[in-house]
1. For an R0 of 51 angstrom, estimate the FRET efficiency from the Cβ-Cβ distance between E176 and Q20 and round to the nearest 0.05.
2. Based on other C-beta atoms within 10 Å, arrange L43, L121 from fewest to most.
3. In sequence order, what are the phi-derived ³J(HN,Hα) couplings for the range 19-32 according to the Karplus relation 6.51 cos²θ - 1.76 cosθ + 1.60 with θ = phi - 60°, rounded to whole Hz, with x for glycine and proline?
4. If each residue's Cβ is checked for other Cβ atoms within 10 Å, how do F58, F97 rank with the fewest at the top?
5. Quick one: net charge around T198, please, counting Lys, Arg +1 and Asp, Glu -1 for every other residue with C-beta under 13 Å from its C-beta.
6. Using a 10 Å cut-off around each Cβ, can you sort Y208, Y94 from fewest to most neighbouring Cβ atoms?
7. What would the Debye equation give as log₁₀ I(q)/I(0) for the range 41-86 at q = 0.31 Å⁻¹, counting only Cα atoms as equal point scatterers?
8. Expressed as a whole number of Å, what is the distance separating the alpha-carbon centroids of the range 16-90 and the range 92-151?
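Coordinate-derived values only; no laboratory data. Bear in mind that the values here come from a model prediction, so they are computed numbers and not experimental data. We place every Cβ from the backbone using ideal geometry, glycine too, and count neighbours over all the protein chains shown.
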Amino acid sequence: MKRVALVGSGDPKWQQTITQYQRAAGAVFTDWSYRIRDYEKVLLESQIKRDGEFKVFFYEPKSSGGDMKIRLVGYVSHFTTSKEPMKVCPEPDYWYFEGEANARTWLKITRFETISSPMGLSEFWDHRTRRRITPSHLRSSFAYVADAKEIETKVVEEEDEGFYDLYLEESFMENEIAANPDMLGLGKLRLVDRQRVTPVGRPDLIFYHKENDQYLIVELKKSEITKVDVEQATRYHNWGKKALGNRLVTLLVGFDVDTDVVPWLEELGKDVSGVFAKVYDAQFRII
């Protein structure tokens, strides 16, 4: 059964403070300035209901005097997350700090363990994209990683009756859609270019829709569409209007959309900017 864990960044002195408080009080709430994404929020809530807890690994950043290793793991029995800052701890008796907080996430940790052999971030990977975690992932958010138990056993595990989790490279998706543009469900499309070199980057695919007399730039994402992706698509769109003309639509294609991005996409749609997102749900059966 798949399990998810968090990785958060915190200086060694703070880690020592919260572990000492937990030993004395029996539990400790840690405050974080960023929230847990909606998709992982549902997974972690289910994990607590099923297992009673989930893990959070504490990374020691170099900027705070750490050596970029993970030595400490906490076990979270309850959490609260919000888009708006929360000033008051849900259970003040377990709040290690006197005063108000500015938290978007509260994690209640009931026990800590010290990892016998310190771990590097390269030993963790994103539970959805299977990309290795780097320090940049932790600058303003949690990293959402496969639980250590899963890492020690296998990465891809069998799901319901012959279904498997498949983590596809964008190049595979690009090849398939280039050869079969009907997969997009947008009518008859003719491939014009792939990975065209432009001053703003290399858009994955460019199609021409003869019926609408319209060009279509397609940028593929193998997982969640984020703010960075929308910014990238907007740059491609602005370039395309100059290079291909105003009859242009730019489409981001992914398998999920970060909830923080949805309002932005809605505003782009109102402005008729020509930048849109399309979410697909795909299943592959191995036979």
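1. Numbers: r = 54 Å, r/R0 = 1.06.
FRET efficiency, E176 to Q20: 0.40.
2. Working: L43 18, L121 21.
The fewest-first ordering by Cβ neighbours comes to L43, L121.
3. 5, 5, 5, 4, 5, 7, 9, x, 6, 8, 9, 9, 9, 10
4. Details: F58 25, F97 15.
Listed from fewest to most nearby Cβ atoms, that is F97, F58.
5. On the way: positive: R194, R196, R202, R235, K241, K242; negative: D193, D204, E219.
Taking every other residue near T198 into account, the sum is +3.
6. Values: Y208 17, Y94 20.
The fewest-first ordering by Cβ neighbours comes to Y208, Y94.
7. -0.99
8. 6
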